[in-house]
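K.L.:
Structure in structure tokens, see below.
The values are calculated or read from the model by the stated rules, or taken from the named source; none is laboratory data. All of these numbers come straight from a predicted model, not from anything done at the bench. Because the Cβ atoms are built from the backbone with ideal geometry, glycine has one as well, and the counts that use them run over all protein chains shown.
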Amino acid sequence: MVRRGRIVCQHNLDLQDDFSISQYTTYIGGNAVRTESEAFNKAYSIRGNDGHSIFYLLTPHYMEKLLALSDEIGKRLAMQFRRDGKLLLCISGLDLFEVQEAGSAAELQKQIEGEMDFLGKILETLEVPTQEQLEAKRR
């Protein structure tokens with residue numbers, strides 16, 4: 001589901017607790033988490049109680065991908081990985097599928113195709129599993 005820069009999808013991680021990764025706010029206190037990457041710590045703030053799950057996801061390669069993604073799209077990101085399998089994703093200034101921007105059906109189709117490609121790139125970078133992968137894991 002996509003609505004005003006907020007996207008709800010599923011992840012396939014086995015989590016003990018929810019955790020958040022954000023460029024919108026700086027988490028401090030007992031459940032703030034820092035990585036070994038100063039560049040990542042400057043760009044993102046992490047909050048959660050399950051350090052094992054956080055660092056299982058935040059490998060050096062994954063952190064590099066997140067840094068490159070936010071630079072490439074020029075927008076701030078926030079993600080919450082929930083233990084119920086939901087991934088909540090917020091992207092600053094993103095309004096997908098706004099019909100009033102298109103002047104004709106052909107322009108609308110081109111706009112939607114471009115937005116789908118854009119969203120697909122983000123979800124691919126975040127390694128969001130496909131429906132087939134989620135179903136295979138449930139078996």
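K.L.:
Name the single residue that is surrounded by the most Cβ atoms within 10 Å (Cβ to Cβ) among those in the range 25-40 being outside any helix (DSSP H, G or I), at pLDDT 85 or above and not β-branched (Val, Ile, Thr). Outline the logic, then answer.
P.N.:
Here is the first cut: in the range 25-40, the residues outside any helix (DSSP H, G or I) are 25-37.
From what is left, the residues that are at pLDDT 85 or above are 32-37.
Next cut, not β-branched (Val, Ile, Thr) only: 32, 34, 36-37.
Values: Ala32: 12, Arg34: 11, Glu36: 10, Ser37: 15.
Once the filter is applied, the top-ranked residue is Ser37.
K.L.:
Can you name the number of the only condition in (1) among the aliphatic types (A, V, I, L, M); (2) over 25 Å from Leu58 (Cβ atoms); (3) at pLDDT 75 or above; (4) surrounded by 12 or more Cβ atoms within 10 Å (Cβ to Cβ) that Leu96 fails?
P.N.:
Single failed check for Leu96: (3).
K.L.:
The conditions are (1) in a helix (DSSP H, G or I); (2) without any contact (Cβ under 8 Å) to a residue 12 or more places away in the chain, and Asp84 fails exactly one of them. Which is it?
P.N.:
Tallying (1) in a helix (DSSP H, G or I); (2) without any contact (Cβ under 8 Å) to a residue 12 or more places away in the chain, Asp84 fails exactly one: (1).
K.L.:
Taking the options Arg76, Arg82, name whichever one is among the charged types (D, E, K, R), surrounded by 16 or more Cβ atoms within 10 Å (Cβ to Cβ) and over 17 Å from Gln10 (Cα atoms).
P.N.:
On the way: Arg82 fails: over 17 Å from Gln10 (Cα atoms).
Result of the check over Arg76, Arg82: Arg76.
K.L.:
For Leu57, state whether it is touching a strand residue (DSSP E or B) at 6+ places or on another chain (Cβ under 9 Å) and closer than 18 Å to Leu94 by Cβ. Talk me through it step by step, then tell me what you get.
P.N.:
Values: touching a strand residue (DSSP E or B) at 6+ places or on another chain (Cβ under 9 Å): yes; closer than 18 Å to Leu94 by Cβ: no.
It is false that Leu57 is touching a strand residue (DSSP E or B) at 6+ places or on another chain (Cβ under 9 Å) and closer than 18 Å to Leu94 by Cβ.
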